[in-house]
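First comes the structure, then the notes that go with it.
The values are calculated or read from the model by the stated rules, or taken from the named source; none is laboratory data. Since we're looking at a predicted model, the values are computed, not measured. Quick reminder, even Gly has a Cβ in these numbers, built from the backbone with ideal geometry, and neighbours come from all protein chains shown. These area figures cover heavy atoms from the full protein model, side chains too; ligands, DNA and RNA do not enter into them. Shrake-Rupley method; radii C 1.70, N 1.55, O 1.52, S 1.80 Å.
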Amino acid sequence: MPNLLPSLACNLDLDLLAAALPLLEEARVDGLEWSFDALFQTRQVPAWFLDLLTAFGQEKRLVAHGVFFSLFSGKWSEGQRQWLKTLSEASQRYRFDHVTEHFGFMTGQNFHHGAPLAIPYTATTLAIGQDRLARIQEAAQCPVGLENLAFSYSVEDVKRHGEFLEKLIEPVNGFIILDLHNLYCQLHNFSVSFEELIPFYPLERVREIHISGGSWEDSLTTPAKKIRRDTHDNGVPEEVFNLLTQTLPLCPNLKYVVLEQLGNSLKTEQSKTQFYQDYLRMEAIVRDFNATHLNPIPEPERFLPPQATFSAELVEDEALYAQQVELSSILETAGSYEEAQQKLRTSTLAHSAWQVEQWEPAMLETAISLAQKWKKK
Amino acid sequence: MNIPKSVLSAILLGITVQ
């Protein structure tokens, strides 16, 4: 009997917990995903929240989802060392079934500030990413995965993303979170079809799927086109439910299907009701799939590393780090798309592996918006 | 998954009184 687990992304957020409580009371939630590194502003954690984590951890149904590690930063930071320490201690306490992080590097100079942006797919970034994943695996002592990014600068990057993810996780025998709303952003923003893009992803490596909502943003550089953004602040669109139905049969090692939504978008009764209905619809799709497919549930051993991959020597690249700092500065301070484009042309990123000359105007515009939004946080 | 009722009650109380 297969058993894909309908699951919730749940953090110490009162609005999110209030929306999730009916689902927990009705025993509909079979797995819990916790952004363990989002508690940095909280001095004290209520005992009842720790009890909730423990309840899922004891059943091996608790997974950790990192936000702030900044996998591809060219320079190792004290924040990353502390992040690993926190992960190690949390892993010993809660028995995570697996741990995941996001693709990209974070803009901004301070840990816990900034937005994740894409990086060039080079031997240097591959080595840094593999090194960091090995350190995460060493700290967590459980399977490690990476989530596909919603943002890309060009359609070429979109099509190479899956292959690069596969290379990154190979040394740790890792897995992928396939975020279907992130995929939806790529499909829409680059006018690519699901059938065209999905073969580029290593679907046998997908252990977790995310669904969520997002929002539309006007583009000044491409007025006829709206940009889809992964803001997690709305209900799940019909297109994403359709993607879920299409994707489930393609992922033989899938275990968790997770609904995500931010608590700040769950303050009204109407939004809580929509969240509840979205979860029930996701749950129905998953349970229907369980009832008609006979693959055994994958075990963690499927994605445990075959041998130790951890090396004491840090992989860093000063030139990459300098480019990341320069790009962050340009995006965070540009008064307009034109200003950012002009600065990029005369930056160290010009005529480099970053291929800034190929970046789509609407996506550079979005990167500016992202960097400036999160700089203020 | 069934959550212990004591945990659910504590969550409800925690949400209510913050």
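Miscellaneous remarks
- Tilt relative to chain A, helix A:155-169 - C-alpha long axis, 0 to 90 degrees, to 10: 60 degrees
- Only Cα pairs under 8 Å and 6+ residues apart enter the sum, and on that basis the relative contact order of the stretch A:5-316 stands at 19 percent.
- A simple packing score, the average count of other Cβ atoms within 10 Å per residue, orders the peptides A:276-283, A:224-231, A:207-214 as A:207-214, A:276-283, A:224-231, with the highest score first.
- Under 5 Å, built H, 5+ apart or other chain: amide partners of residue A:74: A:321
- The stretch A:168-226-the stretch A:242-258 distance, computed between alpha-carbon centres (Å): 14 Å
- Backbone phi angles across the stretch A:204-219, fed through the Karplus curve with coefficients 6.51, -1.76 and 1.60 (θ = phi - 60°), yield HN-Hα couplings of 5, 9, 7, 10, 8, 10, 10, 10, 6, x, x, 8, 10, 9, 5, 10 Hz in residue order; Gly and Pro are listed as x.
- Farthest toward positive dipole pole in the protein assembly as shown [+1 Lys/Arg, -1 Asp/Glu at C-beta], among A:74, B:9, A:19: B:9
- Taking the DSSP bridge list for the protein assembly as shown and keeping only pairs wholly inside it, about 20 percent are antiparallel.
- Principal-axis tilt of helix A:78-94 within chain A, Cα atoms, nearest 10 degrees: 10 degrees
- Summing Cβ point charges (Lys, Arg +1; Asp, Glu -1) relative to the Cα centre of chain A gives a dipole of roughly 480 debye.
- By a 1.4 Å probe calculation restricted to protein chains, residue A:71 has an accessible surface near 0 Å², given to the nearest 10.
- Only the Cβ atoms of Lys and Arg (+1) and of Asp and Glu (-1) were treated as charged; on that basis the dipole of the stretch A:144-239 about its Cα centre amounts to roughly 140 debye.
- Over chain A, accessible surface divided per residue gives 42 Å², non-protein components excluded, 1.4 Å probe.
- Accessible surface buried by the B/A pair amounts to about 1300 Å², both sides summed, 1.4 Å probe.
- Across the stretch A:241-262, the residues whose backbone nitrogen lies under 13 Å from the label position 7 Å along the beta-carbon direction of residue A:292 are A:245-250.
- Of all accessible heavy-atom area on the protein assembly as shown, the percent that carbon and sulfur account for (1.4 Å): 51 percent
- In degrees, nearest ten, helix A:238-247 long axis to first principal axis of chain A (Cα): 80 degrees
- With all projection directions averaged, the alpha carbon convex hull of chain A covers 17.8 nm².
- Highest-first arrangement of A:347-360, A:245-258, where packing means the average Cβ count within 10 Å: A:245-258, A:347-360
- The ellipsoid that matches the Cα gyration tensor of the stretch A:155-313 has semi-axes, each √(5λ) in whole angstrom, of 28, 22, 16, with the longest given first.
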